[in-house]
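Quick notes on the structure that follows.
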Amino acid sequence: MRKLIGFSLMVCVMLLIPVFIVLSTFQSILIDDTFFFDRFGSYGIYAKLPSVDVNGFHQELVEYLISAKGQREFDSGILNSKEKSHLLDVKFLIQKALLIWKASALGIILAIFLFISLEKSDIGILRYLVAVFSIGSIITILLIAVFSALIFLKFDSAFVSFHEILFSNDNWMLDPHHDNLKAIYADEIFQDFAVKMAAKSFLYSIFLLAVSIAIFKYSGKRVKSNEVHHR
């Protein structure tokens with residue numbers, strides 16, 4: 001029974017690690033004003049909308065999306081009812097994503113503490129950490145590989161499918177010539193966002209894998225040291 005619980009905790013952490021890494025990356029880019037300001041300049045958004053305070057609009061929008069306060073519409077003065085309705089849907093999804101991110105972090109911490117309470121051996125705990133973080137990071141890398149393939153090979157169709165799956169209405173189908181929201185957030189910005197998200201998630205996963213390997217080597221030395229000590 002003890003082994004079964006330990007194995008279940010391992011699987012739980014392994015599956016939560018990719019969720020935590022990807023959503024951590026998503027959140028870090030979402031609140032990165034510099035990333036968006038650079039893209040607004042690169043894709044000529046400032047020139048297309050000279051009468052709009054694009055930077056100020058973006059900062060207010062991000063604050064609106066990540067704020068847990070109510071499900072009110074975003075009132076900026078430059079959006080129509082369809083755009084406001086779509087942003088309300090986006091806010092709902094982002095709030096869910098942030099909740100899942102917090103839950104995954106809590107789940108990882110609790111699972112590790114539960115395993116530590118079951119496993120009395122320091123070596124056993126180290127091996128557990130090595131296993132879950134190594135496999136969790138490898139799973140993340142594999143998922144990123146698939147995600148990256150979609151970004152570079154079929155971004156347009158993947159982007160449309162993403163909206164069709166997550167949204168139950170057609171409010172996301174905006175026209176950049178008539179809808180300011182689409183004019184500001186061009187598809188190229190979302191593609192750059194996805195690329196950066198994949199790159200950062202990959203780096204975090206590699207770092208986690210490297211730490212896991214370091215722990216593995218350390219635990220191996222501890223085992224050898226204990227064996228020599230008991231002879």
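Each value in this text was obtained by applying a stated rule to the coordinates, not by laboratory testing. All values reported here derive from a predicted model rather than from experimental measurement. Backbone-built Cβ (ideal geometry, glycine too); neighbour counts: all protein chains shown.
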Output for the range 69-110: trypsin sites (Lys or Arg not before Pro) sitting in coil per DSSP, at most 13 other Cβ within 10 Å, listed by number, reads Lys69, Arg72
Which order results if Asp38, Asp89 are arranged by neighbouring Cβ count within 10 Å, fewest first?
-> Asp38, Asp89
Residue exposure sequence - Ile165, Ile94 - by fewest surrounding Cβ within 10 Å | Ile165, Ile94
Per-residue ellipticity at 222 nm attributable to helices in the chain (runs of n ≥ 4 DSSP H, -39500 (n - 2.57) apiece, nearest 500 deg cm²/dmol) works out to -28500 deg cm²/dmol
Ascending count of other beta-carbon atoms within 10 Å, so fewest first, for Phe74, Phe207 = Phe207, Phe74
By how many degrees, between 0 and 90 and to the nearest 10, does the Cα long axis of helix 54-66 differ from the longest principal axis of the chain?
-> 50
How much length, in nm to one decimal, is gained on full extension between Asn169 and Lys102, taken as 0.36 nm per residue of separation minus their Cα-Cα distance?
-> 21.3 nm
Could you compute the FRET efficiency for Ala210 and Tyr46, with r as their C-beta to C-beta distance and R0 at 41 Å, rounded to 0.05?
-> 0.50
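Given R₀ = 25 Å, FRET efficiency for Phe37-Leu203 by Cβ-Cβ distance, to 0.05?
Computed FRET efficiency for Phe37 and Leu203 comes out at 0.65.
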How fast does the chain diffuse by Stokes-Einstein, in µm²/s, taking the Kirkwood radius from C-alpha pairs at 4 °C and 1.567 mPa s?
-> 63
Using a Förster distance of 35 angstrom, determine the FRET efficiency expected from the C-beta separation of Ser8 and Ser85, and round it to 0.05.
-> 0.25
By how many degrees, 0 to 90 and rounded to 10, does the Cα axis of helix 187-230 deviate from the longest principal axis of the chain?
-> 10
